[in-house]
1. Kindly list the number of the only condition in (1) under 29 Å from M33 (Cα atoms); (2) at pLDDT 95 or above; (3) part of a loop (DSSP other than H, G, I, E, B) that fails for H267.
2. Search region 225-262 for residues being of a type in the set (D, E) and assigned to a loop (DSSP other than H, G, I, E, B), and hand back the single one that is farthest from K274 (Cα to Cα).
3. So for region 99-108 (the condition being crowded, with 16+ Cβ neighbours inside 10 Å, within 16 Å of the ligand (Cβ to nearest atom), among the aliphatic types (A, V, I, L, M) and over 26 Å from E188 (Cα atoms)), does at least one residue qualify?
4. Looking at (1) within 16 Å of the ligand (Cβ to nearest atom); (2) under 21 Å from A314 (Cα atoms); (3) in a helix (DSSP H, G or I); (4) not hydrophobic (A, V, I, L, M, F, W, C), find the lone condition where H91 falls short.
5. Looking at (1) crowded, with 17+ Cβ neighbours inside 10 Å; (2) away from the ligand (no atom under 16 Å from the Cβ); (3) not in a loop (DSSP other than H, G, I, E, B), which is the only condition E186 fails?
6. Please give the number of the condition G18 fails out of (1) in a strand (DSSP E or B); (2) more than 17 Å from S212 (Cβ to Cβ).
7. Please go through region 59-88 and pick out each residue that is within 21 Å of the chain's Cα centre (by Cα) and either assigned to a loop (DSSP other than H, G, I, E, B) or more than 27 Å from A38 (Cβ to Cβ) (or both).
Amino acid sequence: MAPDSAPLAFPYDAPPDGGETIEVAPGIHWLRMPLPFALDHINLWLLEDGDGWTIVDCGIARDETRELWARHFAAKALKGPRGVKRVIVTHFHPDHVGLAGWLCAELDCELWMTQTEWLMAQALSIDEQNHIHGSRIDFYRAHGLDEEWLSQFADRGEPYRTRVAPVPSVFRRMQAGERIAIGGREWEVLIGRGHAPEHACLFSREAGVLISGDIVLPKITPNVSVWPSQPEADPLGEYLGCLEQFFDLPPDVLVLPSHRLPFRGLHQRIRQLKEHHDDRLADVIRALDRPRPAAEILPVLFRRKLDLHQLGFAIGEAIAHLAYLEQRGRIRRERRADGVLVYAA
Ligand SMILES: [Zn+2]
């Protein structure tokens with residue numbers, strides 16, 4: 001078998017139990033937190049940092065997560081003299097930033113994020129009037145979702161603030177290409193796009209480790225959605241573009257993703273992700289045998305039944321594929337007399 005088509009290698013068959021950790025590389029510890037969604041967990045990382053620790057990502061703001069963190073505080077003496085120096089958050093999604101404010105307060109440490117991710121977390125946290133996603137019913141109606149789904153979206157409100165503890169008003173900005181010293185090793189900040197606007201990934205050549213966040217996942221593809229706040233965005237183009245930088249990393253790097261299991265085979269996984277989206281784009285073009293709205297493309301991309309939480313991601317992803325094709329002149333978009341946007345091959 002050529003190395004290019006070698007399957008991914010998973011050095012661990014199972015994650016650490018709640019409250020436990022696994023040391024996946026010297027000084028790099030893996031822990032897991034539960035999530036109340038179909039994707040029911042997130043991986044977090046504890047990095048030994050000289051006489052203290054650096055935490056990477058936080059878990060969602062729920063009592064269950066706080067209780068598990070309390071066990072880690074005790075097991076690793078995180079509140080002791082060998083305390084926590086900083087909390088690094090990869091991006092603004094609730095499973096990553098959720099408990100950042102709580103952790104920073106409990107552990108008396110700094111928050112490190114990229115500027116756009118911190119601003120997004122702040123904006124959604126203080127958006128009590130729901131301005132940012134306020135236009136979403138019109139947006140989803142224009143993309144052909146039926147009134148029954150729309151009324152469920154309207155009833156749900158915006159759940160962000162229920163999943164994220166107040167985000168610290170002070171932070172340390174991380175930028176593309178910056179090198180951060182953690183535990184005597186250098187970690188380079190690589191920026192992922194499309195899934196979130198300025199997602200931080202961390203690469204240490206010395207450790208042979210890439211903390212990939214949600215940008216490179218094994219077995220599942222990260223959500224890449226057009227959101228109501230930016231209806232003309234091209235997140236799929238941004239996502240596919242950002243993947244190219246990972247070919248410059250060593251092919252045998254240990255990838256630490258936010259979901260599922262750590263793996264080796266980074267270049268192979270990047271090729272699979274690109275192929276996956278190429279295949280989906282071809283499926284979308286084939287499905288456009290007549291002008292169709294994004295809602296009619298959903299069954300082409302998602303063969304399973306979707307709940308409300310998944311539907312927001314799924315319709316966003318369908319629009320992202322259509323926008324990618326439309327913005328490159330491969331399909332056309334027009335507005336029907338009833339106001340619905342339809343796409344034609
Ligand atoms: Zn995410």
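The values are calculated or read from the model by the stated rules, or taken from the named source; none is laboratory data. None of the values given here were measured: they were computed from a predicted structure. Neighbour counts are summed over all protein chains in view; Cβ atoms, including those assigned to glycine, are modelled from backbone coordinates with ideal geometry.
1. (3)
2. By that ranking, first place goes to E232.
3. no
4. (3)
5. Every listed condition holds for E186 apart from (1).
6. It is condition (1) that G18 fails.
7. Matches in region 59-88: G59, I60, A61, R62, R86.
Here is a yes/no grid of residues against (1) hydrophobic (A, V, I, L, M, F, W, C); (2) surrounded by fewer than 16 Cβ atoms within 10 Å (Cβ to Cβ); (3) touching a residue at least 60 places away in the same chain (Cβ under 8 Å):
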site	(1), (2), (3)
E23	no, yes, no
I28	yes, no, yes
F37	yes, yes, yes
L47	yes, no, yes
